[in-house]
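Taking it in order: structure first as structure tokens, then the write-up.
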């Protein structure tokens, strides 16, 4: 698991084609985690008696996350997220609980280049390309700051 001592993160991402009962999937993942505890580790560095650093595995107490998307995993891990939305914000907009908490903690920024449309505007391919370009520019700016 990534952290201050190690930036490497290994994730297993599965894209399921058929509908799956989420509760059963979570039970199966938990059974797998218990059956294979050596998959629940994190890479760290330790110094030996001579002060030489060596890589080692430590137990990782963080749970395995079963989710329908990456955003929840990134939020759970405490990563900052910039979310570009395609339909603006209605008056007095307030994100759902977990998103609101992340916004309040300064870990989530929700932006929209377009005003809110009560008729639910239909996003085009060109709009998606524009959102991706905006996200890329934001990331470039943040990586050079």
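Taking 0.36 nm per residue of sequence separation and subtracting the Cα-Cα distance, how much length would be gained by fully extending the chain between residue 62 and residue 20, in nm to one decimal?
Difference between extended and current length: 12.7 nm.
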* Relative contact order of the range 68-145, defined on C-alpha pairs under 8 angstrom at six or more residues apart (%) -> 33
* To do: May I ask you to sort 54, 39 by Cβ crowding, counting other Cβ atoms within 10 Å and putting the fewest first?
  => 54, 39
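State the extension gain, in nm to one decimal, for the chain segment bounded by residue 100 and residue 143, taking 0.36 nm per residue of separation less the distance between their alpha-carbons. List each step's numbers first, then the result.
Values: separation 43, 0.36 × 43 = 15.48 nm, distance 2.51 nm.
Length gained, residue 100 through residue 143: 13.0 nm.
Starting from the exponent 0.38 and prefactor 2.2 Å, build the expected Rg for the range 42-145 from its residue count and divide its actual Cα Rg by it.
1.53
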* Structure fact -> Residue separation between residue 49 and residue 36 times 0.36 nm, minus their alpha-carbon distance, gives in nm 1.5 nm
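Here, each number is a calculation from the coordinates, and none is a lab measurement. Not measured: the values here are computed from a predicted model. Backbone-built Cβ (ideal geometry, glycine too); neighbour counts: all protein chains shown.
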